[in-house]
Amino acid sequence: MKKSTIFSALLAVSLAGFAVAASGQDDESRMINGREQFYHPIPVDRLLGEVNHPNRMMTHVERALRTYRAPKPIWGEYEHVRKEAAVVNLQLRSKAIDRFRLGKDIEHMHAELHHIEEELHIPVQGHYQWR
């Protein structure tokens, strides 16, 4: 009787653990456009360099905004990106870093800043060289 009780308890615990593991999403894989994409997180030592790119690009774009005397709507877009950058920099300083989200935020900020450069009609030679 004791053996069957112990066996059934172990079986219940193992099935519950398997159900939890099977229902959770694997952090290493994501579904993008209906296909599974595997994401290899950025090493922590490279994160600082990855975050510095948008920070330097923001300085470059702000200088261009002043040089080309950008209208207020474009300055509004820039202020939105500045707020995003503050959040990204805060994420970097926190203990729990979601590398996948941080990478996506960096890509999004780069796209928005590049869009601002295009709206200002900056010559291609004047665009920030991302890589």
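A few comments on the model shown:
- Shape category assigned to segment 78-127 from the gyration tensor of Cα positions, a/c cut at 1.5: prolate
- Inter-label distance, nm, simple model (7 Å from Cα along the C-beta direction), Thr5/Ile97: 5.1 nm
- Overall form of segment 49-93 per C-alpha gyration tensor (a/c, 1.5; a/b vs b/c): oblate
- Candidate residues Leu92, Leu47: accessible-area rank, largest first, probe 1.4 Å: Leu92, Leu47
- Taking every alpha-carbon pair under 8 Å whose residues sit at least 6 apart, segment 50-126 reaches a relative contact order of 49 percent.
- His115 versus Thr67: modelled label distance in nm, points set 7 Å from Cα along the beta carbon direction: 2.3 nm
The values are calculated or read from the model by the stated rules, or taken from the named source; none is laboratory data. Just so it is clear, the structure is predicted and the values come from calculations on it, not from any experiment. All Cβ positions, glycine included, derive from the backbone under ideal geometry; neighbour counts span all protein chains shown. Each accessible area value is taken on the protein alone, full model and side chains, heavy atoms only, with ligands, DNA and RNA left out. Shrake-Rupley method; radii C 1.70, N 1.55, O 1.52, S 1.80 Å.
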